[in-house]
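The next block holds one structure in the form of structure tokens; read it before the comments.
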């Protein structure tokens with residue numbers, strides 16, 4: 001979220017920021033890359049989610065019910081597969097937090 005110029009000026013004064021840093025407070029943050037990704041490795045992750053995502057979602061909902069995933073504290077562990085193969089194989093394990101929609105209460109409307 002960008003700050004409006006008056007707030008950016010106040011924040012810059014409060015934290016002793018340079019004029020360039022103050023201008024950055026007034027910019028929309030850049031998140032991610034253009035879609036679809038052009039880097040081959042990142043594109044393969046994108047492809048995994050696009051192809052397998054609906055099946056993964058169905059399996060998660062079957063096991064845990066309807067809910068949402070929190071990526072804020074997600075983690076990934078990587079290891080090399082020790083089984084002999086013609087090419088090196090990595091094993092990735094993803095840890096996520098799943099919150100059931102039954103437990104998540106909507107915010108009160110004011």
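Rule-based calculations on the coordinates, nothing more; no lab input. Please read all numbers here as calculations on a predicted model, not as lab measurements. Using ideal geometry, Cβ is built from the backbone for each residue, glycine included, and neighbour counts are taken over all protein chains shown.
Descriptive notes on the structure:
- Cα long-axis angle, helix 5-15 against the chain (0 to 90 degrees, to the nearest 10): 90 degrees
- Residue with peak Gaussian network fluctuation, the chain [Cα springs, cutoff 10 Å], from 63, 27, 47: 27
- Among 37, 54, 19, the largest mean-square fluctuation in a Gaussian network model of the chain, built with springs joining Cα atoms closer than 10 Å, belongs to 19.
- In this simple spin-label approximation, residue 91 and residue 79 carry label points 7 Å from Cα along the Cα→Cβ vector, and these lie 0.4 nm apart.
- Crossing angle, helix 40-64 versus the chain [Cα axis fit, 0-90 degrees, rounded to tens]: 80 degrees
- Relative contact order, whole percent, for the chain stands at 18, derived from Cα pairs under 8 Å and 6 or more residues apart.
- Computed lengthening from residue 69 to residue 24, 0.36 nm per intervening residue step minus Cα-Cα distance: 13.2 nm
- Convex hull per residue volume in Å³, alpha carbons only, for the stretch 1-70: 158 Å³
- Between 31, 95, 44, the residue with the greatest mean-square fluctuation in the GNM of the chain (Cα pairs under 10 Å linked by springs) is 31.
- The stretch 41-97: equivalent-ellipsoid semi-axes (sqrt of 5 x gyration tensor eigenvalues, Cα, Å): 25, 14, 12
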